[in-house]
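Participant: Structure incoming, see below.
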Amino acid sequence: MKIAVIGAGAMGTLFGGRLAMEGNDVTMVDVVPVVLETINRDGIELEDEAGMHKIPIVAKKAEEMTEEADLAILFTKTLYSKSALESAAKTFIGKNTYVLTLQNGLGNVELINEFVSMDKILVGVTNYASDVKGPGKISSKGAGYVRIYTANLEDTPVVHEVHEVLVQAGFHAEITKEVYVAIWEKVGFNAAINATTAIVHAPCGAIGAVEEGRFLAAKIATETAMVGQAHGVDVKAENIIHSLENTYVAHKDHYTSMAQDLKNKRKTEARFINGGIVAKAKEKGIEVPYTEAIYCLLRTIEDTFDIQGF
């Protein structure tokens, strides 16, 4: 399968590397010169439980692509998705290309649908952990899952083909018609753990170690479930809280991507995670005070990087 992975960050590099290891024709698509140069020169360096893997792979800018991909996997941060898709649609996303999003947040399908018809969109979630150690270098340890289905919820051969490709690459992948439940529950999880760890500049275990931290995260999970249910998605708060409790222990030393972004004074995905929940709540006239307060704090931090004193 000819695959283009859009975004050579932590997750894109993990998926691109593993897919290439299994013989797929993979191209990493990015815009950062040092990332492109390093991957083309050194390949991807992937550290996992089995050791260090050096994986030869091609990296290009979108405008350098000359062939249509069978599958494009979108792994950019959601705030960069539109510009990435605009470039991709001019070169390697054609009428026969399927686009898979495993991104965080709400609104990804609607954004992709501006460029690709609904019957060509696959949607899903993953909770694999991946930490960037340098351009083209990542560490990924621990178990995870990938859950996918078609965006229009119609069973098609391609979703089974993509599932098989992911399984062969070593991912614990499953096909589920409840994909939107999985997406909402992942959004609630991220809204709770990513946002709180980012604000307190601490790893996941810190939130679970403090009663007030656990309380706040659980409140965000509960609000997310309430909003999802109002939109017809059977989201269960207890599932989100269970995932949080596991993370406090299993990933106690992990710094979330949002925490790393704020540490390095980069824009986060808060607009599409906490902000996405707030927007969906307003559509139904629902109050989500804990989620909204955290969102307002995150936006304030992001928009005052230039005047912060630390």
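The values are calculated or read from the model by the stated rules, or taken from the named source; none is laboratory data. The structure displayed is predicted, hence computed values, not measured ones. Positions of Cβ are generated from backbone atoms using ideal geometry, with glycine treated the same way; all protein chains shown enter the neighbour counts. Note: accessible area is taken over every heavy atom of the protein model, side chains too, but ligands, DNA and RNA are not part of it. Shrake-Rupley method; radii C 1.70, N 1.55, O 1.52, S 1.80 Å.
Participant: When the expected Rg is taken as 2.2 N^0.38 Å, what fraction or multiple of it is the alpha-carbon Rg of the stretch 10-61?
Facilitator: Working: Rg = 10.3 Å, N = 52, 2.2 N^0.38 = 9.9 Å.
Here the answer is 1.05, to two decimals.
Participant: Checking the table K219/K265; K133/K252; K60/K90; K77/K137 against a 24 Å threshold on Cα-Cα, which pairs fail? Walk me through the intermediate numbers first.
Facilitator: On the way: K219/K265 27 Å; K133/K252 19 Å; K60/K90 14 Å; K77/K137 18 Å.
Among K219/K265; K133/K252; K60/K90; K77/K137, the Cα-Cα distance tops 24 Å for K219/K265.
Participant: So, one more: Using DSSP to define loop residues, name the trypsin sites (Lys or Arg not before Pro) in the stretch 170-256 whose beta-carbon has at most 15 other beta-carbon atoms within 10 Å.
Facilitator: Numbers: sites: K177, K186, R214, K219, K236, K252; in loops: K177, K236, K252.
Passing both the DSSP loop test and the Cβ count: K177, K252.
Participant: By how many degrees, 0 to 90 and rounded to 10, does the Cα axis of helix 274-283 deviate from the longest principal axis of the chain?
Facilitator: The helix 274-283 is inclined about 70 degrees to the chain.
Participant: For a quick check, take a GNM of the chain with Cα springs below 10 Å and name the residue from M21, M52, M258 with the largest mean-square fluctuation.
Facilitator: Between M21, M52, M258, it is M52 that shows the largest mean-square fluctuation.
Participant: Further question: Over the Cα atoms of the stretch 86-218, what is the Rg over Rh ratio if Rh follows Kirkwood?
Facilitator: Details: Rg = 17.1 Å, Rh = 16.8 Å.
Over the Cα atoms of the stretch 86-218, Rg/Rh equals 1.02.
Participant: Under Stokes-Einstein, with the Kirkwood radius over Cα pairs standing in for Rh, what whole-number D in µm²/s applies to the stretch 7-99 at 37 °C and 0.692 mPa s?
Facilitator: Details: Rh = 13.5 Å.
The Stokes-Einstein estimate is 242 µm²/s.
Participant: Then there is this: Take every DSSP beta bridge whose two residues both sit in the chain, then give the antiparallel share in percent to the nearest 5.
Facilitator: Values: 13 of 38 bridges.
Percent antiparallel among DSSP bridges in the chain is about 35.
Participant: Give the Rg (one decimal place) followed by the Dmax (whole number) of the chain, computed from C-alpha coordinates and expressed in Å.
Facilitator: 18.7, 55
Participant: Using the Cα gyration tensor of the stretch 233-310, with a ≥ b ≥ c the square roots of its eigenvalues, what is the shape: rounded (a/c below 1.5), prolate (a/b larger than b/c) or oblate (neither)?
Facilitator: Working: a/c = 2.70, a/b = 1.18, b/c = 2.29.
It comes out oblate by the Cα gyration axes.
Participant: Using a probe of 1.4 angstrom, how much of the accessible area of the chain is carbon and sulfur, in percent? Present the calculation step by step, with values, prior to reporting the outcome.
Facilitator: Numbers: 7300 of 13880 Å².
That fraction is 53 percent.
Participant: In addition: Taking DSSP loops as anything outside H, G, I, E and B, show the longest stretch in the chain free of GluC sites (Glu not before Pro) there with at most 16 other beta carbons within 10 Å.
Facilitator: Details: sites that count: E22, E49, E67, E68, E114, E154, E178, E287.
My reading of the result: 179-286 is the longest stretch.
Participant: To the nearest 10 degrees, how steep is helix 157-168 against the longest Cα principal axis of the chain, on a 0 to 90 scale?
Facilitator: 90
Participant: Which of A59, A129, A143 moves the most in a Gaussian network model of the chain with Cα springs under 10 Å?
Facilitator: A143
Participant: What do you get for the angle between helix 237-250 and the principal long axis of the chain? Use alpha-carbon atoms, 0 to 90 degrees, nearest ten.
Facilitator: Roughly 70 degrees between the two axes.
Participant: Let me ask you something else. Might you tell me the accessible area per residue for the stretch 103-252, computed with a 1.4 Å probe and given in Å²?
Facilitator: Accessible area per residue: 42 Å².
Participant: Restricting the count to DSSP beta bridges whose residues both fall in the stretch 1-105, what percent are antiparallel, rounded to a multiple of 5?
Facilitator: Details: 5 of 21 bridges.
Close to 25 percent.
Participant: Which of the trypsin sites (Lys or Arg not before Pro) across the stretch 1-77 are loop residues per DSSP, with 16 or fewer other Cβ within 10 Å?
Facilitator: Numbers: sites: K2, R18, R41, K54, K60, K61, K77; in loops: K61, K77.
Within the stretch 1-77, the qualifying trypsin sites (Lys or Arg not before Pro) (loop, at most 16 other Cβ atoms within 10 Å) are K61.
Participant: Counting only Cα, what are the radius of gyration and maximum Cα-Cα distance Dmax of the stretch 192-272, in Å?
Facilitator: My reading of the Cα-based Rg and Dmax gives 13.0, 38 Å.
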